[in-house]
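Presented below is the structure to which this report refers.
The values are calculated or read from the model by the stated rules, or taken from the named source; none is laboratory data. Predicted, not measured: the structure shown is a model, and the values here were computed from it. Cβ sites come from the backbone with ideal geometry, for glycine too, and all protein chains shown count toward neighbours. Just the protein is used for accessible areas: all its heavy atoms, side chains included, with ligands, DNA and RNA removed. Shrake-Rupley method; radii C 1.70, N 1.55, O 1.52, S 1.80 Å.
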Amino acid sequence: MSQEFSPDPVKNRARQVLLTKLAANTTNPAAAELARELLAGNVTPRGVLRSSLYADVLGGSTAGFAEWYGNLSESEKDAQAEAGRNALSQLASDEKPAPSHRGRQDSVDDEDFSEVDWLDG
């Protein structure tokens, strides 16, 4: 079963795609490990933020993103936002209906995170 990060299937698929690419990243083993742990459901995004375990990974990435974004012009920021919307639209058009889980017996230990949007806190 794949990890559900959002009740919105398009946002969930976008997160799955990004984490899968990050998990295959060989240039940053710590970030790849974090992505694999998230995909496996061993840790939640909220749990990552509350822990210092991956602080180095997140801190460096956040600083790099802030520097990159801060150096963009307003038109470049608008273009990046449009590219993001287009990527989500593409994922939405590619979206296939999720298989039904009816009749499936989940383990008592499985916690359902499907109603949690991790970005909204």
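Projected label points at Ala55 and Lys21, each 7 Å from Cα along the beta carbon direction, are separated by 3.0 nanometres. Surface exposure of the range 1-74, expressed per residue as accessible area with a 1.4 Å probe, stands at 64 Å². Taking the average, over residues, of other Cβ atoms within 10 Å as the packing measure, peptides 64-72, 10-18, 84-92 rank 10-18, 84-92, 64-72 from highest down. Applied to the range 40-53, the Karplus parametrisation 6.51 cos²θ - 1.76 cosθ + 1.60 on θ = phi - 60° returns per-residue 3J(HN,Hα) values of 6, x, 6, 8, 9, x, 5, x, 4, 5, 7, 9, 9, 4 Hz, with x for Gly and Pro.
Share of carbon and sulfur in the accessible area of the range 22-71 stands at 56%, probe radius 1.4 Å.
For Gln80 and Asn42, a Förster radius of 41 Å and the Cβ-Cβ distance give a FRET efficiency of 0.85, rounded to the nearest 0.05.
Taking 12 Å as the cut-off, the amide N atoms of the range 49-84 that come nearer than this to a point 7 Å along the Cα-to-beta-carbon line of Ala30 belong to 52-62. Please give me the summed charge of the neighbours of Val43: other residues whose Cβ is under 11 Å from its Cβ, Lys and Arg +1, Asp and Glu -1. Local charge sum for Val43: +1.
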